[in-house]
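A short write-up of the structure that comes next.
The values are calculated or read from the model by the stated rules, or taken from the named source; none is laboratory data. Not measured: the values here are computed from a predicted model. As a convention, Cβ positions derive from the backbone with ideal geometry for all residues, glycine included, and neighbour counts pool all protein chains shown.
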Amino acid sequence: MIEVSNLCKEFHLNKKQMQEIGVKEKSLEVLHDVNFTCKPGRVYSLLGPNGAGKTTTLRIIATILRATSGSVKVCGIELNENPSDARAKMGFLTGTTGLYERLTPNEMIKYFGKLNGMDDKLIEDRKDRLYTLLGMHDFANKRIGKLSTGMKQKVSITRTMIHDPEVVVFDEPTSGLDVITAKNIIELIRDCKDQGKTVIFSSHIMSEVDLLCDDLGIIHNGRILFNDTMENFRKQMHTDNLTEEFIHIVTQSEERVQA
Amino acid sequence: MLKNIITIIKKETLDTLRDKRTIIVMVLVPVLVFPVIFIATSRLQMSVMEREQVRSLKIGYVSEDTDTRIENFLENQEKVELVYMDDAGELESLIRSDSLQYGLFIPAGFARALDNLEETSLKVYFSGTRLTGKDRIDRLLAQYENGIINERLQEKELTQSFIKPFRTESVNIATDQEMIGKLAGGFLPYLFIIFCFTGAMYPAIDLFTGEKERRTMETLLTAPVSRIEILVGKMFVIALTGLISAMLAIFGLFVGLQVSAGLPDFIMSVVMGILTFSFVIYLLLMLIPLTIFFAGLLVPLTIYAKTFKEAQSIVTPLTFIVIIPAALGLIPGVEYNAVTALIPIVNITLATKEVIAGTIHLPHYLLTVVSLVGLAAISVVFCAKWFGKESNILR
């Protein structure tokens, strides 16, 4: 379970950043009063255009960033109070996740298993199951730098799932991946849901959201514009097409801000 | 906490040892640089010297004097060939083109002046760019001059003591070890300070900026380990590589000295005698906090940099900031006292000189170690704060 309440995030800008973004204020509010809940056994999708605040929200959930105010609880653990315990319950994967190219998949998985407090036997058992599932045995001892993009993504998946997390956070997981590799990710998200895990993923691709999600949050300019089930989203649609509806919601929000 | 730090250290060590760039800078360069330099220079020097010794001296000879005594003297010397010329103007260009090694110009009345005990002179042409300078011709002329002096003394029935009334007998109260320690001992710390820093440089860039650039940092930050554990683990590996690099440089230096020819035996025995157990302990007690301090200097910069290239451009100038105080300790007259014992890097150069010379003042040494440990601690605390700032990590 992920519970996000009144989440706000401000970035402090230096002069160079102020010039780059074209603002005069020394702080930039990127999230404003964000609220949503992701439930176990369901997939929550955070949908929004580029720069909407999706990655910032997921990075706060993953404890890479700290919230300026508000609260985030993962499996009942308040992130500000006990980030390490919360991290132990989570797996985090992005489409652009880097890997240690000089290590082998075996070495990298063992490293993250150890950091997650697992003993050698548990790591071996779990690794073996994931390798079989993803067909990784053949390249488990090759240097990661020499693997193909698809193989690397499988290593990333194993790294994310090695400690069998209750909550899985995917930040634009299929971004920049080929169709076959993206399919692996989509299958992984489905598997996580079937196993009763809490899944949150961000995307700006409506078709992907339509395929996977049970609950939907639309975010734009750091504000949640829609937060409900996918079923209810479909019910209240003003257009026939999901993408059109998404654009309609975002455009309406911009018009309100301008007015 | 310790378990996580050890896991990070193991992984980072493995990762670092597989980085070719780090291996070159940390292992190959320090181990090979001195043996290669020493062997190459000693071989070159020896071959040049040998060649010069066996080579016939071609001396351009221009004389306005009718007396031929000096000419006969030179002609009778082994491996000397006089090339008679009419004009002294030609000598320069022939020496420059290596057709002649030296030129000699004997003015008119040279021999007569010598016979009349009058002061006179001759001109020697040579090129200062040659390794041998004008040693060989100086020796020949000195031989000729001594012959004349002896003749004059015999004529007047005088002994050598007439022109050399007393001899000076020097008694050096410093031992060979003290001499080497004070005069050349500063070179050793200068060396390991530089290698300690450069050895730590690449791992520091790789372990922090590299992680950011390869986007593995955010993956690591989502693991259930605290940032201080990550920092301590990584800093340990950086400090360790610096330390290993410095030790390998010293090892390379000793190997280089042993394989190179030309050093007098007494220097070799003193140099080899330096490597005692107590010397290594004295050195390590200073080197360990120094490497941590260096890691503390490098880490904030490598955390701040976005790319490997940017990190290199920020960190490389820092080498000069390290070299300058290291070189300060080499300046004669800069003494190891209660003040210099507290100046980072300078104190290490001076303390090592004293340790090598066997004249280390223990309270000053302790002051150095304590100040270095303090600096290392401050740098770790600063790094922890810096690493905790998300604006630095996700810049």
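Quick notes on this structure:
- Residue, farthest from the other protein chains (Cβ to nearest Cβ), within the stretch A:73-84, restricted to residues that are in contact (Cβ under 8 Å) with a residue 60 or more places away in the chain and in a strand (DSSP E or B): A:Lys73
- Residue satisfying condition, being without any contact (Cβ under 8 Å) to a residue 12 or more places away in the chain and either part of a loop (DSSP other than H, G, I, E, B) or touching a helix residue (DSSP H, G or I) at 6+ places or on another chain (Cβ under 9 Å) (or both), within set B:Glu151, B:Glu119: B:Glu119
- Residue ID - nearest to B:Ala305 (Cα to Cα), chosen from residues in the stretch B:361-395 that are within 14 Å of another protein chain (Cβ to nearest Cβ) and free of Cβ contacts under 8 Å to residues at least 12 places away in the same chain: B:Ser391
- Residue check for B:Ser379: small (Gly, Ala, Ser) and under 27 Å from B:Leu275 (Cβ atoms): no
- Here B:Val171 meets each of (1) surrounded by fewer than 24 Cβ atoms within 10 Å (Cβ to Cβ); (2) among the β-branched types (Val, Ile, Thr); (3) under 30 Å from B:Phe293 (Cβ atoms) with one exception, condition (3).
Residue-wise test of (1) touching a helix residue (DSSP H, G or I) at 6+ places or on another chain (Cβ under 6 Å); (2) outside the structural domain of B:Ser99 (by TED's automatic domain parsing).
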position	(1), (2)
B:Lys10	no, yes
B:Thr13	yes, yes
B:Leu17	no, yes
B:Lys20	no, yes
B:Leu28	no, yes
B:Arg43	no, yes
B:Met46	no, yes
B:Glu64	no, no
B:Val80	yes, no
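Table: residues versus (1) within 14 Å of chain A (Cβ to nearest Cβ); (2) hydroxyl-bearing (Ser, Thr, Tyr); (3) assigned to a loop (DSSP other than H, G, I, E, B).
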{"site": "B:Val225", "(1), (2), (3)": "yes, no, yes"}
{"site": "B:Ile228", "(1), (2), (3)": "yes, no, no"}
{"site": "B:Gly233", "(1), (2), (3)": "yes, no, no"}
{"site": "B:Leu240", "(1), (2), (3)": "no, no, no"}
{"site": "B:Ile244", "(1), (2), (3)": "no, no, no"}
{"site": "B:Met247", "(1), (2), (3)": "no, no, no"}
{"site": "B:Leu253", "(1), (2), (3)": "no, no, no"}
{"site": "B:Leu257", "(1), (2), (3)": "no, no, no"}
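- Criterion (without any contact (Cβ under 8 Å) to a residue 40 or more places away in the chain and in a helix (DSSP H, G or I)) met by exactly one of A:Lys16, A:Lys24: A:Lys16
- Being buried (at least 18 other Cβ atoms within 10 Å of the Cβ), more than 25 Å from the chain's Cα centre (by Cα) and in the same structural domain as B:Leu362 (by TED's automatic domain parsing) is a property that B:Ile230 has.
Table: residues versus (1) more than 21 Å from A:Pro40 (Cα to Cα); (2) in a helix (DSSP H, G or I).
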{"site": "A:Val169", "(1), (2)": "no, no"}
{"site": "A:Gly176", "(1), (2)": "yes, no"}
{"site": "A:Lys183", "(1), (2)": "yes, yes"}
{"site": "A:Ile186", "(1), (2)": "no, yes"}
{"site": "A:Lys193", "(1), (2)": "no, yes"}
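- Of all residues making up the stretch B:14-30, the number that are closer than 24 Å to A:Glu107 by Cα and buried (at least 20 other Cβ atoms within 10 Å of the Cβ): 4
- Cross-chain or 6+ apart pairs with Cβ under 8 Å, the stretch B:133-145 first and assigned by TED's automatic domain parsing to the domain that holds B:Arg96, then in a helix (DSSP H, G or I) and among the acidic types (Asp, Glu): B:Arg136/B:Glu52
- Search result, residues across the stretch B:74-89 that are in a helix (DSSP H, G or I), surrounded by fewer than 16 Cβ atoms within 10 Å (Cβ to Cβ) and either within 42 Å of the chain's Cα centre (by Cα) or not acidic (Asp, Glu) (or both): B:Gly89
- If you go through the stretch A:85-98 and keep only what is facing chain B (nearest Cβ under 7 Å), outside any strand (DSSP E or B) and within 15 Å of A:Ile162 (Cα to Cα), you end up with A:Arg87, A:Ala88.
- Cβ-Cβ under 6 Å pairs, at least 6 apart or on other chains, the stretch B:203-217 side more than 15 Å from A:Leu99 (Cβ to Cβ), far side outside any helix (DSSP H, G or I): B:Thr209/B:Ala305
- Looking only at the stretch A:209-236, residues that are over 17 Å from the mean Cα position of the chain (by Cα) and farther than 17 Å from A:Asn6 by Cα come to 8 in all.
- Some residue of the stretch B:5-23 being within 14 Å of chain A (Cβ to nearest Cβ), assigned to a helix (DSSP H, G or I) and over 39 Å from the mean Cα position of the chain (by Cα): yes
- Flag if B:Arg43 is within 22 Å of the chain's Cα centre (by Cα), exposed (fewer than 15 other Cβ atoms within 10 Å of the Cβ) and more than 20 Å from B:Leu114 (Cβ to Cβ): yes
- Filtering the stretch A:108-125 to residues that are buried (at least 19 other Cβ atoms within 10 Å of the Cβ) and more than 7 Å from every other protein chain (Cβ to nearest Cβ) leaves A:Met108, A:Ile109, A:Lys110, A:Gly113, A:Met118, A:Ile123.
- Residue list for the stretch A:22-72, filter: aliphatic (A, V, I, L, M), over 17 Å from A:Glu3 (Cβ atoms) and either crowded, with 23+ Cβ neighbours inside 10 Å or within 14 Å of another protein chain (Cβ to nearest Cβ) (or both): A:Leu28, A:Val30, A:Leu47, A:Ala52, A:Ile64, A:Leu65
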